[in-house]
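Novice: Got a structure here, written out as structure tokens. Questions coming.
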Amino acid sequence: MALLLMAEGLWWTGAIIPHIRWSVDASFAHADVDPKGVLYSDVYFEVENEGSVPFTLTGISADIPGLRFLPPDKGREEQPDVTVQLGDIGVLRRRIVITDCAAVPHQPRPIRFTYRTWLDTGSAEVVLDSGRLDGPSTSLPVAWQRGLAGKVCNEAVDPEWS
């Protein structure tokens, strides 16, 4: 019984499974093309530690058609991980390559985050909040990845779009 209470206490404090609030803001994304002609954008992920122990975010990945996360690039000063203290917010920048603008799904898709605490390592799949596309008579949800791809792909075709 004592072991169960201790494990439950560690879980609620975030020592085993961190309590994290995730967000991404695609509105600041813009189209870039690398020297090889690859279309990409930088995306900033904000993570807020709502638990009571620090955690280190060690990786981001996703299985989203039309998009591919690139590993951190030291030449671009991209940090491989970020440690977030109690009540703090950490930001991790990643490049996302747009491999096929039309293939990016309209339905929200999960992102996998890997993390480390003083006690354990683990991963979590998170479906980030979607935005809304307001029309003259209706408002439709737009998955963050579709909004990002639309903005970047449109800007790549016509820089005046942004």
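Novice: State whether the residues of the stretch 14-22 include one that is within 24 Å of ALA143 (Cβ to Cβ), modelled with pLDDT under 90 and open to solvent by less than 40 Å² (accessible area, probe 1.4 Å).
Specialist: Yes, because at least one residue in the stretch 14-22 is within 24 Å of ALA143 (Cβ to Cβ), modelled with pLDDT under 90 and open to solvent by less than 40 Å² (accessible area, probe 1.4 Å).
Novice: Taking only pairs six or more apart or across chains, which ones have beta-carbon atoms under 6 Å, a first residue in the stretch 55-68 that is in contact (Cβ under 8 Å) with a residue 40 or more places away in the chain, and a second residue that is open to solvent by 20 Å² or more (accessible area, probe 1.4 Å) and among the aliphatic types (A, V, I, L, M)?
Specialist: From the stretch 55-68, the pairs are LEU57/VAL82; PRO65/ALA103; GLY66/ALA103.
Novice: From (1) within 15 Å of the chain's Cα centre (by Cα); (2) modelled with pLDDT of 90 or more; (3) not in a strand (DSSP E or B), pick out the condition that doesn't hold for GLU78.
Specialist: (2)
Novice: Conditions first: (1) among the small types (Gly, Ala, Ser); (2) under 11 Å from the mean Cα position of the chain (by Cα); (3) open to solvent by 30 Å² or more (accessible area, probe 1.4 Å). SER52 passes all but one, so which condition is the exception?
Specialist: So the condition that SER52 fails would be (2).
Novice: Which ones in the stretch 72-93 are farther than 16 Å from ASP42 by Cβ and in contact with a Gly (Cβ under 8 Å, 6 or more places away or on another chain)?
Specialist: ASP81, THR83, VAL84, LEU86
Novice: Which members of the stretch 98-119 meet the condition of being buried (at least 16 other Cβ atoms within 10 Å of the Cβ) and part of a strand (DSSP E or B)?
Specialist: ILE98, ILE111, PHE113, TYR115, ARG116
The values are calculated or read from the model by the stated rules, or taken from the named source; none is laboratory data. Worth saying up front: this structure is predicted, and the values here are computed from it rather than measured. Positions of Cβ are generated from backbone atoms using ideal geometry, with glycine treated the same way; all protein chains shown enter the neighbour counts. In case anyone asks, the SASA skips ligands and DNA or RNA and just uses the protein heavy atoms, side chains included. Shrake-Rupley method; radii C 1.70, N 1.55, O 1.52, S 1.80 Å.
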